[in-house]
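The block underneath contains the structure these notes are about, expressed in structure tokens.
The values are calculated or read from the model by the stated rules, or taken from the named source; none is laboratory data. Note that the structure is a prediction, hence the values are computed from the model and not measured. When we count neighbours, we look across all protein chains shown, and the Cβ atoms used for this are built from the backbone with ideal geometry, even at glycine.
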């Protein structure tokens, strides 16, 4: 490294020296030649004039050649230095990107994957245990009615559940089979990027290489857990469908609905875990970005990513030879005609011509009739597990994931006793379910005076509590209880002097919630049923505009 630095320093020195010499030599040579030319004109002696002319003619090509050669050498040195500087800049930039993988950041990322792996394993194991218990209860109920039917349906279910539990508890590793069971783009991106960086780890220290290796193993194990969860999901969906179809006539709808809910909420929880992976942290994005910045990554991805192994490209991809053996447009058209029972020969039309629009309309009508029959049976989705109830999206979420916070504003015009007031409120809410939200909050009332006399003042504060119940769609019924401190004050200590002067408000009204980008806005129209007991008097109708995060 030190010898390289010395070479770079010498190269810089020669470039600078060459530029200086060239800069000084070109005008100097021009001046010399001009002097010889002028002397040849001034001197009257014929011999001396002839000698000056000969010297001028001899020195002119020599000076021009020296200048041109010096210019070429200087340019080559400058170009060489610039290329070396650009290469060194790229190396430093890549090294800087690799150096962003700090030890504590890699540890945090590994903890994230490890925690998610344990959550997936725990949730799947709990679901399998619940399903095993529910099927045992169903087997007992059905056996009392039809023991033969119970033996047929539940003969091997307990053994299969135990097999899934054992498969889940085994330390999983990467395999193409696991990728087929549950392909997650985020895991594929990070896993392939880590593998590529480990193969090109010249810019990493030994400790960072070991941490990236450990992280790569961890994400492969996470992939295996998701694959095991996907295998369990497929099985319980099949079991739920079988139980529903075979046991509905036994009058045990409540127990079947319990099985249905277990399956749906498991699917929902696994989907939430996958969405959590999709929210890339800065380090994950840096790992993928660093790998993509290296030229060889594209070909590496096309060969070693999970997606590439699931759908490998032929060696002659992009050439005419890759199209050999594929069906032509005419062959596909002919196959469709045969499946629709179209006799093109009797019509005297070539088989390769496009299918008439009337036949396409007939196919569309048949497809519409099939959809109508499916909707009449109550199956509105390809997922049979969603037919019996509307799932609650808050089920299975942690307390932190259910919290919401936001603010709202309300204005009141000036009265005889009060100035114009802007009420600025904040709130913290909890989503009990998709249909109910509760929360607390507070507000600060700032006075803005009147049009004739504008000034700011402290006009009060309030403590709030509320509950929102969904009425229909984006319309909610809102009820609230508020304690308001209405007198003007100069310091917070004044709020504690007399608690009895805090006035009550009981509010009821409607809230319209709407989407603003990825956030949620709301408009509230509330009526205060205790406005008549408040002094000084104010309007009982409250209109508030808010925003939630």
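A few remarks follow.
- Counting residues in region 361-368 that are under 30 Å from residue 253 (Cα atoms), exposed (fewer than 14 other Cβ atoms within 10 Å of the Cβ) and at pLDDT below 85 gives zero.
- Residue 152 vs. criteria exposed (fewer than 13 other Cβ atoms within 10 Å of the Cβ), at pLDDT 85 or above and assigned to a helix (DSSP H, G or I): yes
- Selected residue (only one of 457, 462, 505, 539 is more than 25 Å from residue 405 (Cα to Cα), in a strand (DSSP E or B), modelled with pLDDT of 80 or more and in the same structural domain as residue 409 (by TED's automatic domain parsing)): 457
- Residue check, residue 128 exposed (fewer than 13 other Cβ atoms within 10 Å of the Cβ), modelled with pLDDT of 90 or more and either in contact with a helix residue (DSSP H, G or I) (Cβ under 8 Å, 6 or more places away or on another chain) or assigned to a helix (DSSP H, G or I) (or both): no
- Looking only at region 472-501, and only at residues there that are farther than 14 Å from residue 524 by Cα and at pLDDT 85 or above, the one that is farthest from the chain's Cα centre (by Cα): 485
- Flag if residue 534 is in contact (Cβ under 8 Å) with a residue 40 or more places away in the chain, more than 38 Å from the chain's Cα centre (by Cα) and in the same structural domain as residue 437 (by TED's automatic domain parsing): yes
- Tallying residues that are surrounded by 12 or more Cβ atoms within 10 Å (Cβ to Cβ), under 30 Å from residue 201 (Cα atoms) and free of Cβ contacts under 8 Å to residues at least 40 places away in the same chain within region 304-333 yields 1.
- Residue within region 155-173 that is within 27 Å of residue 298 (Cβ to Cβ), under 25 Å from the mean Cα position of the chain (by Cα) and either modelled with pLDDT under 85 or crowded, with 16+ Cβ neighbours inside 10 Å (or both) present: no
- Meets criteria (in the same structural domain as residue 308 (by TED's automatic domain parsing), within 24 Å of the chain's Cα centre (by Cα), assigned to a helix (DSSP H, G or I) and touching a residue at least 40 places away in the same chain (Cβ under 8 Å)) for residue 211: no
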